[in-house]
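Contents: one structure, followed by commentary.
The values are calculated or read from the model by the stated rules, or taken from the named source; none is laboratory data. Not measured: the values here are computed from a predicted model. Backbone-built Cβ (ideal geometry, glycine too); neighbour counts: all protein chains shown. Side chains included, ligands, DNA and RNA excluded: accessible areas come from the protein's heavy atoms. Shrake-Rupley method; radii C 1.70, N 1.55, O 1.52, S 1.80 Å.
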Amino acid sequence: MTKPAPKDWILGISPYVPGKSAADDGRQLVKLSANENPLGTGDAARAALVAATVDLATYPDPGATKLREAIAAAHGLDPARVIYGTGSDELLHIAASAYAGPGDEVLYVRYGFSVYDIAARRVGATPVIAPDADYATDVDALLASVTEKTKVVFLANPNNPTGTMTSAQDIARLHAGLRPDILFVLDQAYAEYLDADEDDGGLELAKNAPNMFVTRTFSKIYGLAAERIGWGYASAEVIDVLHRIRAPFNVTTAGQAAAVAAVNDAGWVEASRVHNRKWREWLAGEVASLSNHGLRAVPSKANFLLILFEGRLTAEAAMKGLWDEGFATRWLPGQGLPNGLRITIGTEDQMRRVAARLRAMAEAA
C-alpha cells in the first residue's frame with residue numbers, strides 16, 4: 001500500500017447535495033431549494049443569539065442544560081432523555097452508527113431523506129428501500145421489507161422530499177410491527193408545521209417504547225438553520241448510547257440561547273405555520289389548475305411542495321425557467337425523481353411570481 005485506503009463502503013456514498021442558491025452561470029437566486037423559513041428568524045431568538053456572543057472564549061455548556069429543560073417543558077418530556085446535535089443530521093448519523101454496521105440493514109421508504117442512505121453506508125450497513133404508495137409511505141411495504149438483518153428503520157414524517165404525511169394510526173402500526181431489537185427513528189423535522197390534530201404520536205410513543213427515537217430540528221420553522229441545532233427523544237438507554245458517540249460541545253453557546261428563546265416564542269411559530277399553510281395551499285391550487293398541462297402537486301404537510309411534471313414541460317426545464325425569474329428550486333434526479341421539482345413555500349410575492357412563471361412555461365410548452 002502506498003497511501004491510506006478508505007473502507008469500500010465509504011466509496012459507495014454519494015455525497016449530500018445541498019439546495020442551490022445560484023444558477024449555473026453564477027447568478028444569485030432567491031433560495032426556494034432548502035426549506036428555510038421565508039419569514040426569517042424570530043426577534044426573540046435573534047436577540048438571544050446576539051446577546052450570547054459576548055463570551056467567545058469559553059466552551060458552551062456540554063450538557064445543553066437550559067435547552068434540554070426548555071424543550072422538555074414545551075413538549076411534556078423528561079429533560080434527561082433529550083439529546084441535542086449539530087442539526088438533526090448528526091442525530092440521524094449517530095443512531096445508525098450506534099445500532100448498525102457491516103452485515104446489518106437500514107430500512108427506509110423510497111423518496112425518503114437522502115441522509116438516510118449516507119448514514120447507512122457510512123457505517124458499512126446495507127441500505128434497503130421499501131416501495132412507496134404514490135410518493136407516500138407504505139407501512140405494509142416497510143414491514144414486508146424487514147429481515148433478520150434489519151437494525152434501524154428511518155421514516156420522515158412529514159416526509160422529505162415529498163411532503164406526505166403518515167397518520168398516527170399507521171405510525172403506531174409500524175412501530176408495533178417491528179421487532180423490539182430494531183431502532184425506529186422517526187424524523188419529525190417538519191412537525192411544527194402540523195396542526196395539533198395532525199400530530200403523529202411519535203413523542204408519546206417514545207415516552208414508553210424502548211426502541212423509538214424521535215428527532216427534530218431548529219432549522220425549519222424556527223429559522224435557525226445557520227446555527228445547526230437539532231434534538232431528539234428516546235428511552236434513557238438509547239440516549240445513554242447516543243451520548244457516547246455524539247460530538248462534544250456540539251451546540252454553540254449562542255445556538256443554545258437562540259434555541260431556548262425560539263422554543264418559548266409560540267407566537268413566531270404560529271405565525272410561520274399560518275403563513276406556510278395559506279401559501280402552500282394557494283400554490284397547490286395554482287398547480288392543480290395546470291393539471292391539463294401535466295403538472296401535479298403531491299399533497300404536502302411540510303413547508304414545500306413536490307411538483308411532478310408529467311406533460312410536455314419537464315422538471316429540468318421548469319427549474320431553469322424559474323432561474324430566469326430569479327428563483328432556485330430543488331430538482332431531484334439524484335433521488336429518483338427526474339420529473340420532480342421541490343419548491344419551498346416563500347413569501348406571498350415569491351409564490352405569486354413562481355406560479356405565474358410555471359403557468360407561462362406550461363402553456364408555452
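A Cβ-based charge dipole, computed about the Cα centre of the chain with Lys and Arg at +1 and Asp and Glu at -1, lands at about 720 debye. Gaussian network model of the chain, Cα springs within a sub-10 Å range: biggest mean-square fluctuation belongs to which of D138, D265, D24? Taking springs between Cα atoms under 10 Å, the residue moving most is D24. Accessible surface area normalised per residue over the chain is 42 Å², counting heavy atoms of protein chains with a 1.4 Å rolling probe. For the chain, lysine pairs separated by 8 or more sequence positions, or belonging to different chains, with Cα-Cα distances below 16 Å total 6. From helices alone, the chain scores -11500 deg cm²/dmol at 222 nm; the rule is -39500 (n - 2.57) for each run of n ≥ 4 DSSP H residues, then divide by the residue total. Between the labelled values [x] 54, 43, 40; [y] 71, 51, 40; [z] 58, 55, 50, the entry that holds Cα extents along the principal axes in Å as derived from this structure is [z]. Beta bridges from DSSP with both residues in the range 94-174: antiparallel share about 10 percent, rounded to the nearest 5. Per residue, the average separation of C-alpha pairs within less than 8 Å and at least 6 apart gives the chain a relative contact order of 22 percent.
Using a probe of 1.4 Å on the protein chains alone, the accessible area found for Y84 is around 10 Å². For the set R68, R296, solvent exposure ranked by accessible area (probe 1.4 Å, protein chains only) runs largest to smallest as R296, R68. Can you give me the Cα centroid spacing of the range 308-336 and the range 200-249 in angstrom? Measuring centre to centre over Cα atoms gives 33 Å. Subtracting the Cα-Cα distance of T147 and H75 from their residue separation scaled by 0.36 nm leaves 22.5 nm. Compute the relative contact order of the range 127-244 as a whole-number percentage, counting only Cα pairs closer than 8 Å that sit 6 or more residues apart in sequence. About 20 percent, as a whole number.
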